[in-house]
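Below is one structure, written out as C-alpha cells; the observations come after it.
The values are calculated or read from the model by the stated rules, or taken from the named source; none is laboratory data. Please read all numbers here as calculations on a predicted model, not as lab measurements. Positions of Cβ are backbone-derived with ideal geometry, glycine not excepted, and every protein chain shown enters the neighbour counts. Only protein heavy atoms, including side chains, enter the accessible area calculation; ligands, DNA and RNA are left aside. Shrake-Rupley method; radii C 1.70, N 1.55, O 1.52, S 1.80 Å.
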Amino acid sequence: MDSFDLMKILVGTSSENDYENKQVIIQGITGSFGSTHTRLMKGYGTNISAGVTPGKGGMSFDGIPVFDNMKDAVESTGSTITGIFVPAPSFLSAGKEALACGIKLIVAIPEHVPVRDTIELFELAKENNAKIIGPNTPGVIIPGTMKIGIMPGQPFTKGTTVVLSRSGTLMYEVSYNLSKSGYGQRLCFGIGGDPINGTNLIEALDMVRRYDDVDSVVVVGEIGGDAEEQFAEYVIKVGYNKPVIAYIAGRSAPKEKKMGHAGAIVYGNYGSAESKFSSLQKAHIPVAKSPAEVPTLLRRELRR
Amino acid sequence: MRLLEYQGKELFRQSGIKVPRSTIASSIEEAIRSGSEIGYPLILKPQLTVGGRGKEGAILKCMTEQDIANKFEDLLHNKVKGELPRGILLEQAVDIKEELYLSYFLNRSKRCYSIIASPEGGVEIESAKNKIVVDVPLRGISRETAYRIANDLSLRESLKDPIANILLNLSKLVVENEAELAEINPLVVSADESVIALDSKIIIDDNSLFRHPELVKYEYLSKQESQARKNGFSFVELDGNIAIVGNGAGLVMSTLDMVSDQGGKAGAFLDFGGSATRDSIFQALKLIAGLSQIEVILINLFGGIVKTSLVAQAIFDGYEEGIISVPLFARISGSESDKAKEILREGKARMFDSVEDSIAAVIEAISPKEKKIHG
C-alpha cells in the first residue's frame, strides 16, 4: 500500500491544517497560461511562493518572486510541490529539473506531452520517491481550501466525497452535480487524459484511503486503456469499505478513433465501455448513465 | 497516427526488416505497370486504417494482368468497413510455410513498453494460446532479451538468428520513431526459409510528431481535420446528423452518449478546448458548416475558465454572418452565463440550463413531422 500522504503534503493533517504554509512553485509562471492560472490559484487560497521562468529571474509577478531555475526557487522557499505549466515540448526538462531539486509532488498540467517523455519522468520520479499527477490533468483541488491546476472554483464545494477523474470538464460537471445535490468534495483529483498517468486510479484511491473525513469515492472514467478494469479488480482483491460510484464516458464512440484525449481510444474490446461496465459490475460499483445521475446513485449507496 | 500498411513497410525496410516486393498504386495504369515489375501471382491489398480487411474479402490474388484490370477499380472505389482505401498495395505473393506474431507496444497499465511474441500468427493475438509477453526498458531491448524471446518461441535453430534480429530492428524502429505500437502479423517463414513481415500495423504517438518531421508526410487529414488542427480543436467526423460541440473531450463524449441514448446520431465530435476565445469558437462553427450531413448543432458548454459570454457572442455572430444555417441548441452553464443568455435572447439559437433539456430540444428538431402528429 502507498505511504504517500497526499493531503498531508498539500494541506497538512486535519488536526494541524497548515495549508497556508504549504508552498507551491509554478514552473512557467509568466506564460499566458501560467500567469492566468497563478492569479486564479492564489485567489482561491493556494500559497504560491515562487515562480520559475528562465531569463525572468529577479522579476516579480503579482508579488510572487520569479526565478531563473528551480534550484534558486527551491533554495529560497524550501517548497516540495510544483505545478508545471510549460508547453508540452518543455515538460520533460522542467520535470527533471524539479526532481533534481528534491520536489516530491509534481502537478503536470500540459496536454500533448509525448508518451515517452511521461514514462521517462515517471521512472525518474519513482527513483526519487516523488509523485506525478497527470500529465494532461486539470490538477487537484481541495474545495474551499486550495487548488493546483486549471479548474474553475465554482463547481466545487467543501465536503466528504472524493472525485477521481480522467477528464477535466467531466470532473467539473460531476462535481457541480454533486454540489447541487448537497454532496461536497474533500478532494477532486485529475488523473489525466493521457495513456500513461503519473498517478493511476488505484494509487489515487490509496492516497485517500486512510482519511476518516472521506465517506465516498466517485470515479469518472472514459473509454480507452484498462484503468477502470484494474481499479475494479483492485477493489475486489484489496477491498475498500466506503461507497464507490462510477461514471464512464464514451460508450457511443466509434472504435479506433481518438476521442479528443490521447488516451480515449478503443481497440477491439480493449478499452471499450462494455469491458469497463462489466468489470465495475463485478466489483459492485454502480455506474451512472449521466453526470446528473451520479448524486442519485451516491445517495442510494450512502443510505445502505 | 495510424500508418497505412505500405507506410509501415517503408519503416520496416528502413529498419532492416524484410518485406515482400511491393508497390503502391492509385490508378489502374500504375497498377498494371507495377504488376509487370513485381511479377505474378501478386496480391492486391487496399490501404486502410481499419483492420479486418481480409475477413471482408478485400485482399485479392491476381494471376495475370487481366486479373488486375478486372479487380483493381472495384477495390479502389469501394468502402471497406466504412472506409475508402487510400491506394492499393500490389505485393508479390509469398509461399508461406509458417506464420508467427510479433508486436512491440505501449503497455498502458504497466506504464512501460512490452513485447508479445507468438508462434501462432495470422490470427487475432487475443485468440492465440501460446504467447510470450516481455516488458522492456524505454531505451529498447538488449541482444540477450531478443535471443531469449527467439529461444522461447521454440522454433528450429535456423530461425533464431533472423527472429532475434527482427526483434532488435523492431525495437530500434519503435524507439526512433516514437511508435506506440509496431505489430507484424503475420511474420512469415517462406518456403525458402526467409523471415518476412507480410503485414504492418504501426501507430505513432501524435504528440511526438513535432520532433519527427520525416513522418509528417504520412499524415492524412481531411479539410475539416486540418482546419481543426490549425485551431487546436479535437475533431472526429461521424456519420449521423447532429454536430456535438463543447469544451472538453470528456464532456463532448458524455454528450454524445446522452444524445445516443435519446435516439440521436452524432455527425461530428468537436472539442474546442479550455482556452477558447470568441474567434476560435467562431472557427468551430465554420468548420461544422462545411459538413453536409449536419442538420442541427448542439453546444454543451461548461463555462469555468472559458467565459460563456464569448461563446454566446460567437454564436450570435455566426447567425448574423450567415455561417450557421441549421438550428442550434446550447446548454450554457457557468461563468457569465447570464450575460450569455442576454446576448442570445434576440438571436435564433435556443439556450438551456440543463444538458437534458437541450438534448430533448435537439431530438424534437430532427424528428420527422409525422412523428410529432402521431406522438
Whole-Å semi-axes of segment A:6-133's equivalent ellipsoid (Cα gyration tensor): 21, 19, 13
Lysines near B:K79 by alpha-carbon distance under 25 Å, same-chain residues fewer than 8 away left out - which ones? A:K255, A:K257, A:K258, B:K9, B:K45, B:K55, B:K61, B:K71, B:K201, B:K217, B:K223, B:K265
What is the calculated FRET efficiency for B:E29 to B:S354, with r their C-beta to C-beta distance and R₀ = 56 Å, to the nearest 0.05? 0.45
Shielding by partners - mean other protein chain Cβ count within 10 Å, residues of A:150-159: 3
Using only Cα atoms, locate the centre of segment A:247-264 and the centre of segment B:53-111, then give the distance between them in Å, rounded to an integer. 26
Ratio Rg/Rh [Cα only; Rh per Kirkwood] for segment B:223-370: 0.92
Which entries in the list A:K131/A:K282; A:K126/A:K276; A:K96/A:K131; A:K289/B:K230 go over 23 Å, if you measure between the two C-alpha atoms of each? A:K131/A:K282; A:K126/A:K276; A:K289/B:K230
With a 1.4 Å probe and every protein chain left in place, tell me how much accessible area B:L138 has, in Å² to the nearest 10. 30
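Within a Cβ distance under 12 Å of B:P119, other residues only, what is the Lys/Arg minus Asp/Glu net charge? Write out the running numbers ahead of the final one.
Details: positive: B:K129, B:K131, B:R156; negative: B:E98, B:E99, B:E120, B:D152.
Within the 12 Å Cβ shell, the charges total -1.
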Please check segment B:104-124 for residues whose accessible area, probe 1.4 Å, is lower by 20 Å² or more when all protein chains are in place than in their chain alone. B:L106, B:R108, B:S109, B:R111, B:Y113
On a 0 to 90 degree scale, rounded to 10, what angle separates helix B:157-177 from the longest Cα axis of chain B? 30
Would you please state which residues of segment B:70-111 a label at B:E193 would reach in this model, taking the label point 7 Å out along Cα→Cβ and a backbone N cut-off of under 15 Å? B:97-98
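Can you list the trypsin sites (Lys or Arg not before Pro) in segment B:46-92 that are in a DSSP coil and have 15 or fewer other beta carbons within 10 angstrom?
On the way: sites: B:R53, B:K55, B:K61, B:K71, B:K79, B:K81, B:R86; in loops: B:R53, B:K55, B:K79, B:K81, B:R86.
Sparse-neighbourhood loop trypsin sites (Lys or Arg not before Pro): B:K55, B:K79, B:K81.
Run the numbers for B:N78 and B:K286: contour at 0.36 nm per residue of separation, minus the present Cα-Cα distance, in nm.
On the way: separation 208, 0.36 × 208 = 74.88 nm, distance 3.00 nm.
In short, 71.9 nm is gained.
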Considering only protein heavy atoms, what per residue accessible area in square angstrom results for segment B:51-121 with a 1.4 angstrom probe? 46
Residues of segment B:16-45 with amide N under 15 Å of the 7 Å Cα→Cβ point at B:A69: B:28-36
Solvent-accessible area of B:K131 with every protein chain in place, 1.4 Å probe, in Å² to the nearest 10: 80
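Name the trypsin sites (Lys or Arg not before Pro) in segment B:215-301 that are in a loop by DSSP and that have at most 15 other C-beta atoms within 10 Å, would you? Mind dumping the intermediate values first?
Details: sites: B:K217, B:K223, B:R229, B:K230, B:K265, B:R278, B:K286; in loops: B:K265.
Loop-located and lightly packed - B:K265.
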Using the basic label-point model (7 angstrom from Cα toward the beta carbon), what is the B:D261 to B:I366 distance in nanometres? 1.7
Chains B and A together, accessible area buried on both sides, 1.4 angstrom probe, square angstrom: 4100
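What's the whole-number percent of alpha carbon pairs in segment B:21-92 lying beyond 14 angstrom? Provide the component values of the computation, followed by the final result.
On the way: 1291 of 2556 pairs.
Within segment B:21-92, distances greater than 14 Å cover 51 percent of Cα pairs.
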Under 22 Å between alpha carbons, and skipping anything fewer than 8 positions from B:K339 in its own chain: which lysines qualify? A:K180, B:K307, B:K348
Residue span A:S32 to A:I236: 0.36 nm per residue of separation minus Cα-Cα distance leaves a gain in nm of 69.0 nm
Chain-alone versus full-assembly comparison, segment A:163-192, residues with accessible loss of at least 10 Å² (1.4 Å probe): A:T169, A:L170, A:Y172, A:E173, A:Y176
R0 of 22 Å, Cβ-Cβ distance B:K97-B:R21: FRET efficiency to nearest 0.05: 0.75
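In segment B:166-322, carbon and sulfur make up what percent of the accessible area (probe 1.4 Å)?
Heavy-atom surface of segment B:166-322 belonging to carbon and sulfur, 1.4 Å probe: 47 percent.
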Probe 1.4 Å, all chains present, heavy atoms only: A:C101 accessible area in Å², nearest 10, is 40
Taking a cut-off of 19 Å between Cα atoms, list the aspartates and glutamates near B:K81, but don't count ones fewer than 8 places away on the same chain. A:E256, B:E5, B:E56, B:E73, B:E124, B:D199, B:E237, B:D239
Obtain the nm distance between the two label points defined at B:E126 and A:M59 by a simple spin-label model: each point lies 7 Å from its Cα along the Cα-to-C-beta direction. 5.2
Against the longest alpha carbon principal axis of chain A, how many degrees, from 0 to 90 and to the nearest 10, is the axis of helix A:168-180 turned? 70
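Give the average, rounded to an integer, of partner chain Cβ atoms located within 10 angstrom of each Cβ in A:259-266.
Working: counts 9, 15, 6, 6, 2, 4, 3, 0.
Mean number of neighbouring Cβ atoms from other chains: 6.
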